[in-house]
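In what follows, a single structure is set out as structure tokens and then discussed.
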Amino acid sequence: MTRVDGIVAKIAAMIDGNLLKPGERLLSVRAGALEHGVSKNTMAEAYDRLVALGHLEARQGSGYYVARVRRPSPEQRPSHVAEAADFVSLLREQLVQNYAVRVGDGRPPPSWMERFEVGGQPRHTPAASEHGYGNPWGFLPLRERLALTLAERSIKVAPEQILLTQGANHALDLVARQLLEPGDVALVDSPGYYPLFGKLKLAKVEIAGVRRRGDGPDLEELAALATRLKPKVFFTQSLAHNPTGGSITPAVAHRLLQIAEQHGFHVVEDDPFADILPAASPRLATLDQLERVIYVGTFSKTLSASLRVGYVAAKPALINTLCDLKMLTVVSTSDFVERIVYGVIASGQYLRHLRRLKARVEAATEEAVGALGQLGLRMPIPPTGGYYLWGELPEGTEERALVRDAAERGIFLAPGSVFVPGKALAVPAMRINVAYAGDPRFVEFMRDQLGR
């Protein structure tokens with residue numbers, strides 16, 4: 001990406017995210033060049049490109065302004081599509097990656113990920129299948145290895161009950177397509193996994209948030225919503241929860257399953273950090289043995305998001321249907337990529353990497369808690385082994401202004417409201433990635449904001 005491309009993407013993202021308002025004047029070419037550390041010619045080219053794209057208006061003798069008339073589209077997006085897209089504004093920035101300090105990112109720094117030797121193929125790999133679609137269930141040796149991994153977590157499952165997917169998001173999409181229809185109600189963690197909210201809105205599913213506490217979902221609220229709304233599914237992350245970092249306790253897990261049984265809804269348990277958490281952690285799938293729970297896993301958080309390999313495990317009748325749905329929508333996942341993941345696991349490289357990754361997470365978490373504590377930032381939920389902390393901000397903090405001020409200093413924040421279905425928080429907050437929380441630039445920024 002050239003410097004011009006980077007500036008264009010950053011300003012366009014700020015406009016799309018309403019951080020720059022229609023009619024708002026941008027910095028002059030000279031001031032913009034100083035702000036972005038580029039030449040005046042580079043800055044002028046970036047502004048001209050934004051005008052050409054319809055983001056900006058050029059007013060002779062006055063400067064550049066955010067366009068009052070938005071770019072035309074072939075057709076107006078339906079309301080449910082617009083609502084779904086509203087949830088991906090944060091995801092867009094995580095993918096584009098314009099900012100230097102990525103406190104709001106969902107992933108660890110690239111330096112935490114190892115370089116794996118992937119040139120060799122497992123000896124039993126049949127060469128004839130290398131250019132085919134592959135089995136729609138996914139590469140069998142990897143599914144067999146996953147069955148052993150789940151057995152270590154006391155989840156008894158056959159390889160035939162495991163379907164490989166293009167990451168956890170693909171698995172969640174398949175489950176939502178199968179179990180939910182337009183107008184149905186799904187329960188989600190609040191705060192919770194915001195890309196899921198977008199998926200459900202896109203499917204015209206009504207979503208209701210269940211308050212997330214330090215020990216798991218608020219059971220009283222869960223029971224009340226189940227009684228009133230008759231949901232079909234509850235989507236939750238039991239361990240190292242995104243975005244709060246907390247984990248469910250055994251007592252809450254037991255009671256949650258009782259409520260699900262009483263009201264007849266499925267529970268989808270997303271477990272993205274499983275590979276760096278203790279095998280004996282209190283998982284709903286362990287207690288339920290996939291009778292009512294659908295278990296989702298992924299390698300995106302702990303191996304590589306670029307490889308796009310995840311999985312879903314469920315009881316036989318449901319997993320067969322999900323495989324059919326996978327064939328209807330994407331035909332199959334990449335057999336080639338699944339073989340790479342299996343090779344990294346079978347060679348022992350993944351296990352060695354997980355040991356180093358866990359140590360990095362523990363060290364970074366300790367540093368982050370110390371740094372944020374000195375700032376006086378309240379963290380109501382103790383971290384339990386994932387990448388995230390939930391930092392509560394002083395009452396009256398304007399999230400939009402905070403995010404804008406941080407962006408001006410090259411810092412990417414994840415405002416708490418993005419993680420709440422209703423876009424309203426009792427206490428303003430933000431998700432903090434432990435890998436970046438100790439960065440002096442972020443600490444200095446928050447010290448200025450909090451007046452410390």
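The values are calculated or read from the model by the stated rules, or taken from the named source; none is laboratory data. As the structure is a computational prediction, the values presented were derived from the model and not from experiment. All Cβ positions, even for glycine, are placed from backbone atoms using ideal geometry, and neighbour counts span all protein chains on display. Side chains are part of the model used for accessible areas, which takes the heavy atoms of the whole protein and leaves out ligands, DNA and RNA. Shrake-Rupley method; radii C 1.70, N 1.55, O 1.52, S 1.80 Å.
For the range 430-452, the set of residues classified as within 13 Å of residue 414 (Cβ to Cβ) and more than 17 Å from the chain's Cα centre (by Cα) consists of 437, 442, listed by residue number. Looking across the range 191-211, the residues that are open to solvent by 20 Å² or more (accessible area, probe 1.4 Å), part of a strand (DSSP E or B) and in contact with an Asp or Glu (Cβ under 9 Å, 6 or more places away or on another chain) come down to 206, 209, 211.
Applying a threshold of 9 Å to beta carbon distances and a minimum spacing of six or more residues, or different chains, the list of pairs starting in the range 140-153 at a residue that is in a loop (DSSP other than H, G, I, E, B) and ending at one that is of a type in the set (D, E, K, R) reads 153/271; 153/283.
In the range 358-377 there is no residue matching the filter, namely being of a type outside the set (Val, Ile, Thr), closer than 30 Å to residue 140 by Cβ and without any contact (Cβ under 8 Å) to a residue 12 or more places away in the chain. Checking each residue in the range 213-242 for being open to solvent by less than 20 Å² (accessible area, probe 1.4 Å) and assigned to a strand (DSSP E or B) picks out 216, 217, 233, 234, 235, 236. Just one of the listed residues (424, 429) is open to solvent by 40 Å² or more (accessible area, probe 1.4 Å) and closer than 21 Å to residue 246 by Cβ, namely 424.
Yes/no per residue for (1) more than 30 Å from residue 148 (Cα to Cα); (2) modelled with pLDDT of 95 or more; (3) open to solvent by 10 Å² or more (accessible area, probe 1.4 Å); (4) not in a strand (DSSP E or B):
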residue	(1), (2), (3), (4)
354	no, yes, yes, yes
366	yes, yes, yes, yes
374	yes, no, yes, yes
386	no, yes, no, yes
390	yes, yes, yes, no
394	yes, no, yes, yes
397	yes, no, yes, yes
